[in-house]
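Asks: After the structure tokens below, expect a handful of questions from me.
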Amino acid sequence: MEITGQCYCGKTRISAKNPLSVVLCHCGDCRRASGAPVAAFVAFDEADLTVNSGNLQNVEVNTGVLREFCGYCGSPITGRYDYLHGTVYVSLGLLDQADALEPTLHAHHDNRLQWLHLSDDVERHGTSARDALP
Ligand SMILES: [Zn+2]
Ligand SMILES: [Zn+2]
């Protein structure tokens with residue numbers, strides 16, 4: 001599947017292939033960085049992601065976690081984690097094929113917002129799902 005995406009303002013455009021997993025993360029860091037009740041990411045091998053245009057900026061609030069965002073509109077684009085070396089986590093919401101990319105697991109499910117009820121039946125990891133990630 002060829003995957004394409006763009007940020008809110010459209011200046012940052014990406015393309016990618018071979019999605020490895022689709023992760024819903026309920027941790028407080030992802031919730032704040034995304035602004036959403038649960039963050040959704042698609043994992044790719046770093047070599048399978050191309051940034052075609054834009055002005056990517058990044059911030060490393062916690063050592064070993066690099067979050068990239070559009071320098072024009074601030075949309076969160078990727079997360080890169082030292083402990084998941086070689087993979088990059090792209091925000092699902094900016095992808096044109098988001099509807100076809102169903103979640104494969106929940107991470108930090110114990111931290112979910114209690115009013116959030118998702119009826120999928122994929123694996124739920126109470127804390128970090130790092131052992132189950134590529
Ligand atoms: Zn933008
Ligand atoms: Zn998280």
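The values are calculated or read from the model by the stated rules, or taken from the named source; none is laboratory data. Computed from a prediction, not measured in an experiment: that's the story for all the values here. FYI the Cβ positions are ideal-geometry reconstructions off the backbone, even for glycines, and counts take in every protein chain you see. Just the protein is used for accessible areas: all its heavy atoms, side chains included, with ligands, DNA and RNA removed. Shrake-Rupley method; radii C 1.70, N 1.55, O 1.52, S 1.80 Å.
Asks: Give me the distance between the Cα centres of region 98-134 and region 42-94, rounded to whole Å.
Replies: Using only Cα atoms, the two centres lie 19 Å from each other.
Asks: Hey, another quick one. Which net charge results for the neighbourhood of residue 103, defined as the other residues with beta-carbon distances under 10 angstrom from its beta-carbon, given Lys and Arg at +1 and Asp and Glu at -1?
Replies: Values: positive: none; negative: 102, 120, 123.
Charge balance in the 10 Å sphere: -3.
Asks: Output the lone cysteines of the chain: those with no second cysteine's C-beta under 4.7 Å from their C-beta.
Replies: That list is 27.
Asks: How big is the dipole moment of the chain about its Cα centre under a simple scheme where the beta carbon of each Lys and Arg is +1, that of each Asp and Glu is -1, and everything else is neutral? Debye, nearest 20, please. Show your work: numbers first, answer last.
Replies: Working: 10 positive and 16 negative charges, 94 e Å.
Rounded to the nearest 20 debye, it is 440 debye.
Asks: Using +1 at the Cβ of each Lys and Arg and -1 at the Cβ of each Asp and Glu in the chain, identify which of 73, 119, 16 lies farthest towards the dipole's positive end.
Replies: 73
Asks: Relative contact order of the chain: what whole-number percent is it, with Cα pairs under 8 angstrom and at least 6 residues apart? All intermediate terms of the calculation are to be shown ahead of the outcome.
Replies: On the way: 288 pairs, mean separation 36.2, N = 134.
Averaging sequence separation for qualifying contacts and normalising by length gives 27 percent for the chain.
Asks: Summarise the accessible area of the chain (1.4 Å probe, protein heavy atoms) by the percent that is carbon and sulfur. Each step should come with its number before you reach the end.
Replies: Numbers: 3420 of 7360 Å².
That fraction is 46 percent.
Asks: Hey, another quick one. Between residue 130 and residue 61, how many nm apart are label points set 7 Å from Cα along the C-beta direction?
Replies: Each label point is offset 7 Å from its Cα along the Cβ direction, giving 1.9 nm.
Asks: What FRET efficiency comes out for the pair residue 11/residue 122, r = Cβ-Cβ distance, R0 = 41 Å, nearest 0.05?
Replies: On the way: r = 33 Å, r/R0 = 0.81.
That gives a FRET efficiency of 0.80.
Asks: May I ask what percent, to the nearest 5, of DSSP beta bridges between residues of the chain are antiparallel? Before the final figure, lay out the partial values.
Replies: Details: 31 of 36 bridges.
Antiparallel bridges make up about 85 percent of those DSSP assigns within the chain.
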